[in-house]
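Enquirer: Dropping a structure here in structure tokens format, bear with me for questions.
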Ligand code: NAP
């Protein structure tokens with residue numbers, strides 16, 4: 001697949017049949033209102049499909065169907081070993097259709113085809129397969145109760161779960177939510193981001209083909225402010241799992257409190273520190289400093305946007321990172337040599353441009369980039385951008401930009417590096433680079449984030465939990481810990497006569 005050339009992908013794209021209808025009760029259907037919303041490709045601004053624009057009436061129907069499926073036990077009471085077979089088969093079907101799904105994701109999100117074929121699709125497949133394979137190896141507990149008692153501690157599915165996901169990693173985030181929620185026996189309603197519903201809709205059909213019973217999974221494209229809000233306030237939804245902005249995450253907690261106290265788990269924003277000591281492998285650290293910010297155009301919650309560098313090497317190291325940044329000039333997502341695609345839309349492009357202005361006004365020095373490029377393409381492309389002379393009080397060091405903008409901050413010793421790293425409302429991810437095992441471990445332990453790399457950035461796979469400290473959220477995606485978010489613990493206390 002990777003030896004396909006740009007023109008091959010373009011030809012495949014021209015022939016692609018795109019499904020934009022909602023997925024309800026095992027079938028594709030139009031929104032009840034008949035309304036649609038055009039999805040366009042951020043790479044060239046061209047129309048891709050008309051997706052269903054679901055409203056609250058669709059949500060109510062989907063909840064009723066999901067509740068019926070849950071109560072029937074068709075999935076919730078199925079033996080874990082049988083649920084496993086369905087999930088593993090689903091992963092295989094996604095793998096069988098990998099090129100088509102990767103292409104769909106590239107077109108819908110503007111992600112480079114090398115990323116969607118190499119990362120997004122394989123990650124979704126692995127997540128679904130791993131969760132399926134794990135679920136029939138999970139034992140419940142018997143408590144150390146007195147001899148004339150037997151106390152069972154069981155994990156039971158929550159019931160009906162709503163999952164609301166963002167546009168930056170639509171396929172992998174969808175898999176992170178659906179795999180553990182379905183594996184544990186829930187019925188699920190997924191609301192993709194309005195502008196990127198296509199891969200979730202496609203894989204929902206494959207779930208049915210794999211044997212997922214009707215009504216267990218619904219996918220409803222539609223607006224967050226109405227459809228998403230309605231799901232979050234719904235009295236008959238037991239759990240809500242969300243990935244998105246901290247601002248919306250806070251609203252969802254309130255909606256839970258205003259309605260039925262549904263279990264609400266949030267994966268939110270970040271402003272992650274990437275700390276580089278003078279004694280590290282500087283060549284590797286510079287390569288990853290660029291990857292940490294420019295991968296996915298910086299539209300990554302864990303992006304290492306604060307590059308915190310030891311003062312003694314700062315000048316030299318920034319030169320090295322600037323040199324690496326040349327490799328990240330944006331290009332056509334369907335060109336396999338493209339490392340960075342466009343911003344998701346014109347609004348996001350403007351946000352990035354505004355922050356470049358803010359950085360300049362705050363007195364930071366622009367070392368590289370700073371401009372929109374490829375405007376003639378019809379897409380929303382921005383250069384990789386590096387600011388030096390940043391202090392941690394500046395807005396470009398504190399606020400999530402969600403674009404390819406790096407802020408370089410100096411430090412004199414480990415204590416100061418940790419203080420800068422922790423001086424943030426966020427606590428999602430970070431990394432430290434040092435060849436001194438003591439420095440590396442001491443700093444990694446002191447930085448308050450959910451995932452910390454030592455001498456790597458973006459390390460990790462489905463076997464480890466992912467989530468945030470502080471305002472980066474609560475709950476965890478991936479690993480067996482994800483099962484906790486989708487289950488209640490039930491005690492049964494039995495006494496013998
Ligand atoms: P967003 O604006 O919070 O939207 C995320 C999802 O929530 C979308 O489906 C959106 O629907 C929906 N939504 C919006 N308002 C809502 C409301 N009032 N009630 C219910 N749902 C609502 O975030 P985004 O701009 O799409 O994504 C970027 C953010 O996600 C960044 O902050 C990033 O850090 C975060 N993120 C976090 C992680 C993580 O794992 N921690 C991973 C990826 C991204 P519409 O599409 O219709 O607006």
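Enquirer: Can you sort 150, 182 from fewest to most other Cβ atoms within 10 Å of each residue's own Cβ?
Expert: 150, 182
Enquirer: To the nearest µm²/s, what D does Stokes-Einstein give for the stretch 165-247 at 10 °C and 1.306 mPa s, using the Kirkwood radius over alpha carbon pairs as Rh? Before the final figure, lay out the partial values.
Expert: On the way: Rh = 13.1 Å.
Approximately 121 µm²/s, per Stokes-Einstein.
Enquirer: Label the stretch 387-497 by shape, choosing from rounded, prolate and oblate, from the square roots a ≥ b ≥ c of the eigenvalues of the Cα gyration tensor; if a/c is under 1.5 it is rounded, and otherwise prolate applies when a/b is larger than b/c, oblate when it is not.
Expert: In terms of gyration-tensor shape, prolate.
Enquirer: Continuing with the same structure: Give the shape of the stretch 354-425 as rounded, prolate or oblate, defined through the alpha-carbon gyration tensor: a ≥ b ≥ c are the square roots of its eigenvalues, a/c under 1.5 means rounded, and otherwise the shape is prolate if a/b is larger than b/c and oblate if not. Could the numbers behind the result be given before it?
Expert: Working: a/c = 2.59, a/b = 2.31, b/c = 1.12.
Prolate, because a/c is 1.5 or more and a/b exceeds b/c.
Enquirer: Where does the stretch 218-303 land on Rg(C-alpha)/(2.2 N^0.38 Å)?
Expert: After normalising by residue count via 2.2 N^0.38 Å, the value is 1.54.
Enquirer: Any idea what angle helix 121-135 forms with the longest principal axis of the chain, computed on alpha-carbon atoms, 0 to 90 degrees, nearest 10?
Expert: The angle comes out at about 40 degrees.
Enquirer: Packing-wise, with mean Cβ within 10 Å as the measure, how do 274-286, 73-85, 102-114 rank, highest first?
Expert: Details: 274-286: 20.5, 73-85: 15.2, 102-114: 27.2.
Peptide ranking by packing, descending: 102-114, 274-286, 73-85.
Enquirer: While we're here: With the convex hull built on the Cα atoms of the stretch 82-138, state its orientation-averaged projected area in nm².
Expert: 3.8
Enquirer: Something else: Cut-off is 10 Å between beta-carbons; in what order do 371, 230 appear when sorted fewest neighbours first?
Expert: 371, 230
Enquirer: Share of antiparallel DSSP beta bridges in the chain, in percent to the nearest 5?
Expert: The antiparallel proportion sits near 45 percent.
Enquirer: So if the hydrodynamic radius of the chain is defined as the Kirkwood radius over C-alpha pairs, what does Stokes-Einstein give as its diffusion coefficient at 37 °C and 0.692 mPa s, in µm² per second?
Expert: 140
Enquirer: With the Cα gyration tensor of the stretch 50-105 in hand, give its eigenvalues times 5 under a square root as the equivalent ellipsoid semi-axes, listed largest first in whole angstrom.
Expert: Taking √(5λ) for each eigenvalue gives 26, 24, 5 Å, largest first.
Enquirer: Moving on. Shape verdict for the stretch 183-330, please, from the Cα gyration tensor: rounded (a/c under 1.5), prolate (a/b greater than b/c) or oblate. Spell out each step's value before the answer.
Expert: Working: a/c = 3.11, a/b = 2.12, b/c = 1.47.
It comes out prolate by the Cα gyration axes.
Enquirer: Please give the helix 56-72 orientation as an angle from the longest Cα principal axis of the chain, in degrees from 0 to 90, rounded to the nearest 10.
Expert: Approximately 50 degrees, to the nearest ten.
Enquirer: By counting other Cβ atoms within 10 Å of each Cβ, how are 93, 156, 198 ranked from fewest to most?
Expert: 156, 93, 198
Enquirer: Let me ask something additional. By how many degrees, between 0 and 90 and to the nearest 10, does the Cα long axis of helix 80-96 differ from the longest principal axis of the chain?
Expert: So the helix axis and the longest Cα principal axis differ by about 40 degrees.
Enquirer: Rounded to the nearest 500, what is the chain's calculated 222 nm mean residue ellipticity when only DSSP H runs of at least 4 contribute -39500 (n - 2.57) each, over all residues?
Expert: -11500 deg cm²/dmol
Enquirer: Follow-up question, since we're still on this one. Under a plain spin-label model, where a point goes 7 Å from the Cα along Cα-to-Cβ, how far apart in nm are residue 351 and residue 494?
Expert: With each label point 7 Å from Cα toward Cβ, the separation is 5.3 nm.
Enquirer: Normalized C-alpha radius of gyration of the stretch 421-480, against 2.2 N^0.38 Å?
Expert: 1.13
Enquirer: Quote to one decimal, in nm, the extra length available between residue 360 and residue 82 on full extension: 0.36 nm per residue of separation minus the C-alpha distance between them.
Expert: On the way: separation 278, 0.36 × 278 = 100.08 nm, distance 5.83 nm.
Contour length minus the Cα-Cα distance gives 94.3 nm.
Here, each number is a calculation from the coordinates, and none is a lab measurement. Note that the coordinates shown come from a computational prediction; the quantities given were computed from them, not determined experimentally. No Cβ is skipped: glycine too gets one built from the backbone with ideal geometry, and neighbour counts run over all protein chains shown.
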